[in-house]
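First comes the structure, then the notes that go with it.
The numbers here are math on the coordinates, done by the rules we state, and not lab data. Being a predicted model, the structure only gives us computed values, none of them experimental. As a convention, Cβ positions derive from the backbone with ideal geometry for all residues, glycine included, and neighbour counts pool all protein chains shown.
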Amino acid sequence: MYTSESVKYFVSEDSKRLFGSYAVNKPANWACDQQTRDFVCLSIWLREELTRIGIDELGRKTQEAQFNRYSRSTDDLFGLAAGIMNDAVAGEIDRDRKTHRRWG
């Protein structure tokens with residue numbers, strides 16, 4: 001079972017590698033805030049972890065989209081990632097969700 005603390009530990013252990021691909025080709029004096037750094041690292045970690053535990057591509061994309069949607073309205077990104085991983089492990093991936101279409 002994933003918890004906010006365990007996800008934070010896993011991501012912090014590998015944050016340099018996880019954030020490295022995002023920071024490529026940025027100016028030398030470029031910096032971002034901690035929330036952005038956490039979001040980027042968690043997004044990449046979530047993709048790798050879902051793949052590692054054997055979630056198929058459709059399920060992985062569904063869970064990643066859920067993370068992207070809900071990340072805008074929470075202060076605990078690590079708890080959100082833990083909940084999404086726990087749902088995936090339990091097989092509770094919402095595969096019947098209709099996409100939202102705007103303006104027609």
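Suppose every K and R has +1 on its Cβ and every D and E has -1 on its Cβ; what is the size of the dipole of the chain about the Cα centre, in Debye to the nearest 20?
Values: 16 positive and 16 negative charges, 112 e Å.
In debye, rounded to 20, the chain gives about 540.
Using the Karplus curve 6.51 cos²θ - 1.76 cosθ + 1.60 with θ = phi - 60°, what ³J(HN,Hα) values do you get for each residue of the range 55-65, in whole Hz, with x for Gly and Pro?
With the stated coefficients, the range 55-65 comes to 6, 5, 4, 5, x, 5, 5, 5, 5, 5, 5 Hz.
Of the listed values (1) 1.14; (2) 1.07; (3) 1.99, identify the label whose number matches Cα Rg over 2.2 N^0.38 Å calculated from this model.
Identified label for the calculated read-out: (1).
If contacts are Cα pairs under 8 angstrom and at least 6 residues apart, what is the relative contact order of the chain in percent?
After rounding, I find 38 percent.
Could you state the angle between the C-alpha long axis of helix 4-13 and the longest principal axis of the C-alpha atoms of the chain, as a value from 0 to 90 degrees rounded to the nearest 10?
40
Work out from phi, with θ = phi - 60° and the Karplus expression 6.51 cos²θ - 1.76 cosθ + 1.60, the ³J(HN,Hα) of each residue of the range 16-31, listed in order in whole Hz, and give x for Gly and Pro.
4, 5, 4, 7, x, 5, 6, 8, 5, 6, 8, x, 4, 8, 6, 8
How about the range 21-86: which chymotrypsin sites (Phe, Trp or Tyr not before Pro) there lie in a loop by DSSP and see at most 15 other Cβ atoms within 10 Å?
W30
Arrange D56, D75 by Cβ neighbour counts within 10 Å, fewest through most, would you? Each step should come with its number before you reach the end.
Working: D56 11, D75 7.
Fewest-to-most Cβ neighbours within 10 Å comes out as D75, D56.
For n ≥ 4 DSSP H runs only, could you compute -39500 (n - 2.57) per run for the chain, divide by its residues and tell me the 222 nm figure to the nearest 500?
Helix-only estimate at 222 nm: -20000 deg cm²/dmol.
Need the full-extension length gain, E48 to D94, defined as separation in residues times 0.36 nm minus the C-alpha distance. One decimal, nm.
14.6 nm
Sequence neighbours fewer than 8 away in the same chain don't count; with that in mind, list the aspartates and glutamates whose C-alpha is under 20 Å from K16.
Straight-distance partners of K16: E5, D33, D38, E48, E49.
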